[in-house]
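Trainee: Quick one: the structure is below, questions incoming.
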Amino acid sequence: MPTERVVIVGGGIGGLAAALALTGQDIGVTLLERGPRCGGKLRELPVAGRRVDAGPTVFTMRWVFDELFDEAGLRFSEAVGLTPAGVLARHAWTAGDGLDLYADLERSAAAVGAFSGAAEARRFLAFAEHARAVYGKLESPFLRSSRPSFLSMSRKLGLGGLTLRPFASLWRALEDHFTDPRLVQLFGRYATYCGSSPFQAPATLLLIAHVEQSGVWLVEGGMYRLVEALAAAATAGGAELRCEAPVAEVRVERGRACGVTLEDGERIDADAVLVNADPAALAAGRFGAVASEAVEPQPAERRSLSALAWCLVAEAGGRPLTRHNVFFGGDYRGEFDRLFRERRLPDDPTVYLCAQDRGAQDRGADRGADRGDVDAPPDGGAERLLMIVNAPPTGDGPSLVPAEIEQCLHRSLRRLSDCGLTLSATPQSGSLTTPAGFESLFPGTGGALYGQANHGLEASFRRPDVRSRIPGLYLAGGGVHPGPGVPMAALSGRLAASAMLADFASIGRSRRVAMPGGTSTR
């Protein structure tokens, strides 16, 4: 019989990663998912009889999943087919310009040189080296730490931490690197990876440039295969996964989490509970009044961005597409002022378009071959597309009116057209998820997709860590340290499992921890 029992609330990537990390540890694991399928924000929707990725589409930091599966005695490469992308992303501002960034750094530098001149190409290489150094400084003390603080990181980094420019904004740091404003805008977009404004996000976010340069992978069969692989591995390891099992309350007795109560009244006792949900939902009392004290209140003004996420099956003409495409609006500062200050949809939106049938994995390429820059459209013309436009996180307040949403979609299509791309689509096509729709999927968030916005130096340390204020209650997911995104959410699950095992060991017999290099004491 298992010596401890753990209940995981929520079947997103963080919860699934924690479930897998806890297998083989003599622990009974039950994961409860309120929806009909696991995955959380990593989801797919049916459009015109085809499955379209409707959530995260960029897969990086493969090492997180390699390590997670290795610790469970499995091989991630055998569970999920991956193809390295040759083109990281294609960028456009007008019909007459464009810039591709490549997996090959020198090839990217040559493209920057052709786009902006030889001097800017040299600046790009210096920028890439700086991003690599920033990532190297932060991986261990921040990404792999369950409870980083500015003080602890300052002690570890010493004077070298000043090279990270912790008090500068990402936009300001990029202006120091580049003279071409289009390159500042291109790399400033990385702030939106955590739902933030490049004009308020810290300069440390330029490490994302190194993360992508280290490898962007195309997942064979679509991003949802990651969910299926994690669920299958956790189940094979002994975890019980239950869908359509909504939790009404996290029970707390004698100051410690001791189980959950489902909406149908079923009670499940546990030695520890892990909540894989946005901390805002927990703080708002979605899991009971007592459990709401586990985290600080989450002010609505600190919310990250939401989105209009539009899934389509349509024909694309004109400018050729690759897997990941970005079409920049003409007034970037005005776009973020509109989103964060006015809480309205942008007048001149930047548009991300994921062309999910572009790339090698659906064309018979050998697994692992560097063929991810194939640009040929799919046979038959119509292809699966996900178009994302940033939106304010107001899904639980005054709703964006349908006319405003339709106007934004028209403007987005016009932005594509101005860049030379046409789509056989209208705002009535496909499947659209709005901030109100995301609030319905993830109650208590207002539709914010990344937890709290990463604005200002303190924001990086304001996210709740994996240990909550209530003993026995742990947290995981994109709203928790180390932050949003598929690999980061998985890393939060690993960190939560490691913390849980260490805490179990401190009150019982020792067992190995889930993170390499971790320690546990009696």
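Trainee: Which residue out of Gly255, Gly238, Gly215 is outside the structural domain of Gly288 (by TED's automatic domain parsing), in contact (Cβ under 8 Å) with a residue 24 or more places away in the chain and on the phi > 0 side of the Ramachandran plot?
Mentor: Result of the check over Gly255, Gly238, Gly215: Gly215.
Trainee: Given the conditions (1) surrounded by fewer than 24 Cβ atoms within 10 Å (Cβ to Cβ); (2) touching a helix residue (DSSP H, G or I) at 6+ places or on another chain (Cβ under 8 Å); (3) of a type outside the set (Lys, Arg), report the number of the one that Glu315 does not fulfil.
Mentor: All conditions are met except number (2).
Trainee: Then there's this: With respect to Thr57, determine if the residue is more than 28 Å from Gly472 (Cβ to Cβ), in contact with a Cys (Cβ under 7 Å, 6 or more places away or on another chain), loosely packed, with under 15 Cβ neighbours inside 10 Å and not aliphatic (A, V, I, L, M).
Mentor: In short, no.
Trainee: Now for a different question. Hey, among Arg344, Arg333, which residue is among the basic types (Lys, Arg), in a helix (DSSP H, G or I) and in the same structural domain as Val389 (by TED's automatic domain parsing)?
Mentor: Arg333
Trainee: Scan region 70-94 for residues that are over 30 Å from Leu416 (Cβ atoms) and either β-branched (Val, Ile, Thr) or in a loop (DSSP other than H, G, I, E, B) (or both) and jot them down.
Mentor: Scanning region 70-94 gives Ala72, Gly73, Leu74, Arg75, Val80, Gly81.
Trainee: For Val7, state whether it is in contact with a Ser or Thr (Cβ under 7 Å, 6 or more places away or on another chain), surrounded by 22 or more Cβ atoms within 10 Å (Cβ to Cβ) and of a type outside the set (Lys, Arg).
Mentor: It is true that Val7 is in contact with a Ser or Thr (Cβ under 7 Å, 6 or more places away or on another chain), surrounded by 22 or more Cβ atoms within 10 Å (Cβ to Cβ) and of a type outside the set (Lys, Arg).
Trainee: Looking at Asp97 and the list (1) at pLDDT 95 or above; (2) of a type outside the set (Gly, Ala, Ser); (3) in a loop (DSSP other than H, G, I, E, B), which single condition is not satisfied?
Mentor: Exception for Asp97: condition (1).
Residues are listed down the side, and each one gets a yes or a no for (1) in a helix (DSSP H, G or I); (2) buried (at least 17 other Cβ atoms within 10 Å of the Cβ); (3) in the same structural domain as Cys354 (by TED's automatic domain parsing); (4) at pLDDT 90 or above:
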{"position": "Arg107", "(1), (2), (3), (4)": "yes, no, yes, yes"}
{"position": "Ala114", "(1), (2), (3), (4)": "yes, no, yes, yes"}
{"position": "Glu129", "(1), (2), (3), (4)": "yes, no, yes, yes"}
{"position": "Pro141", "(1), (2), (3), (4)": "yes, yes, no, no"}
{"position": "Leu151", "(1), (2), (3), (4)": "yes, no, no, no"}
{"position": "Ser154", "(1), (2), (3), (4)": "yes, no, no, no"}
{"position": "Leu186", "(1), (2), (3), (4)": "yes, yes, yes, yes"}
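The values are calculated or read from the model by the stated rules, or taken from the named source; none is laboratory data. Computed from a predicted model, the values in this text were never measured in an experiment. FYI the Cβ positions are ideal-geometry reconstructions off the backbone, even for glycines, and counts take in every protein chain you see.
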